[in-house]
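Shown next, in structure tokens, is the structure this report addresses.
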Amino acid sequence: MSRFSYPADSQHALNYCAKYLARFNGEPRHAFTDGDRKTLGGTVLDAWRFPIVDTYGGGAEDAANPAEFDFYNQVTFIYQAGPQNPPKNVGVIGTFHNLYDPVALAPVSFADEATPFWAVSVAIPKREVHRYRYLVDGLHQNDAINPQTVTLPTGRIWSRFFTDACAENMVLEDWEQVILGRLVEQMAPFRTADGERFLNQFYTGLDNSAKQAAYEHAYRFDNSVGEVAYIDNILAREERHRLMDYKICLSLIKQVLRLRNPYKEPGVISKELYNELYDEMAADKVNGWDTSRYGSPLFFLNLLRRHACLGAFSHPRYGGNAAGVGWAYLESRYRNGDGSTQFDWRNAIEKPLGYNPDYLA
């Protein structure tokens with residue numbers, strides 16, 4: 001549940017609105033499907049940025065406790081009104097609050113001039129996923145900008161967002177994540193003999209309470225330090241245009257592996273078969289691969305490599321680099337002659353993983 005709501009910082013909201021929403025023509029910019037091109041979100045830049053999920057630095061001064069800042073995100077909801085018949089009242093409802101109790105948005109002005117934007121900021125805990133809708137002059141409507149949606153068992157469609165380090169499946173199914181995890185094992189540095197020893201020393205060997213203290217329930221693939229969680233998150237937002245690459249290729253990989261071992265599920269077959277598949281993908285020629293569905297296995301492998309490496313060394317807020325293990329690996333590997341590290345990552349980031357004093361939390 002949200003902690004509280006407060007008026008959005010007009011300058012902060014307008015910085016996003018001016019850069020990503022203020023357009024004067026209907027030319028599609030980041031629309032990757034025919035369905036996208038028919039939406040408002042398909043005609044603006046980086047629609048996935050909305051609602052704005054940002055660092056929380058305190059809202060109402062009488063309620064904010066700096067010691068708890070790290071547990072929340074500041075989520076800013078932006079509603080863009082049309083040029084005709086501007087609304088009189090705009091609110092947002094969602095599972096982050098009492099579901100049908102609207103949180104009011106306020107008009108955003110610039111130098112005392114009206115704009116078509118309405119906004120409100122809400123302090124929402126990290127590691128959560130929520131559905132929401134706008135209530136515009138009493139009528140419910142989904143967010144026309146945000147491309148994320150969720151379909152309920154009743155068939156109703158809601159807009160959706162998630163906060164930092166969310167562990168729930170956003171766009172990939174369980175079996176897809178399992179196969180993806182096996183593929184990632186072939187490329188992450190933690191899968192080398194030295195890497196295995198390092199991982200066992202710094203992360204895998206921790207008891208459950210110690211892991212939960214770092215990021216409770218936040219990571220599904222501890223042994224691959226969260227790259228799959230990271231990939232799932234970016235496919236739901238900024239890399240959404242690559243989601244179909246993953247859907248098609250993971251389906252093809254599942255089919256290829258079933259042909260090679262029909263007696264076991266692809267997620268649990270031998271490492272040798274995955275090694276063989278990986279080598280064939282690197283050579284851009286996989287026996288049993290249906291090129292009519294996806295032309296180049298190598299293209300997908302390079303895409304996966306890029307995403308996996310980013311996930312292994314990204315900030316843990318994005319789902320990967322569980323407990324900073326990727327950074328700790330670099331810290332251990334790159335040292336000066338006197339034994340000091342060349343990669344003092346803890347001094348560069350905020351608590352609880354780091355100790356940089358420039359952060360509020």
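Here the 3J(HN,Hα) profile of segment 173-187, calculated from phi with Karplus coefficients 6.51, -1.76 and 1.60 at θ = phi - 60°, is 7, 4, 5, 5, 5, 5, 5, 4, x, 5, 5, 4, 4, 7, 10 Hz, Gly and Pro shown as x. Remark on Thr115: its backbone amide H falls under 5 Å from those of Val108, Phe110, a criterion applied only to residues 5 or more positions apart or on other chains, H modelled at 1.01 Å from N. Evaluating 6.51 cos²θ - 1.76 cosθ + 1.60 at θ = phi - 60° for every residue in segment 285-294, the Karplus couplings come out as 8, 10, 5, x, 7, 7, 5, 6, 8, 7 Hz, glycine and proline recorded as x. Start at zero, step by 5 Å, and the Cα-Cα distances of segment 126-193 spread as 3, 13, 16, 17, 17, 11, 8, 6, 4, 3, 1, 0, 0 percent across the bins. Here the Karplus relation 6.51 cos²θ - 1.76 cosθ + 1.60, evaluated at θ = phi - 60°, turns the backbone of segment 121-128 into coupling constants of 10, 10, 7, 10, x, 6, 6, 10 Hz, with x for every Gly and Pro.
Look at the Cα gyration tensor of segment 247-361: its axes a ≥ b ≥ c give a/c of at least 1.5 with a/b over b/c, and that counts as prolate. Approximating the spin labels as points 7 Å out from Cα along Cα→Cβ, the Ser251-to-Tyr100 distance works out to 3.8 nm.
Between Arg306 and Phe4, the contour length at 0.36 nm per residue exceeds the Cα-Cα span by 104.9 nm. Counting Lys and Arg as +1 and Asp and Glu as -1 over every other residue whose Cβ lies under 11 Å from the Cβ of Val286, the net charge comes to -3.
Close amide H partners of His140, meaning residues 5 or more places away or on another chain with modelled amide H under 5 Å apart, do not exist here. Seen from Gly91, the other residues with C-beta closer than 14 Å to its C-beta sum to a net charge of -1, counting Lys and Arg as +1 and Asp and Glu as -1.
For the pair Ser332 and Ser292, the difference between a 0.36 nm per residue extended length and the Cα-Cα distance amounts to 9.9 nm. Computed over neighbours whose Cβ is under 10 Å from that of Thr149, the net charge equals +1, Lys and Arg +1, Asp and Glu -1.
Values in this text are rule-based calculations from the coordinates and carry no lab data. This is a predicted model, so every value here is computed, not measured. We place every Cβ from the backbone using ideal geometry, glycine too, and count neighbours over all the protein chains shown.
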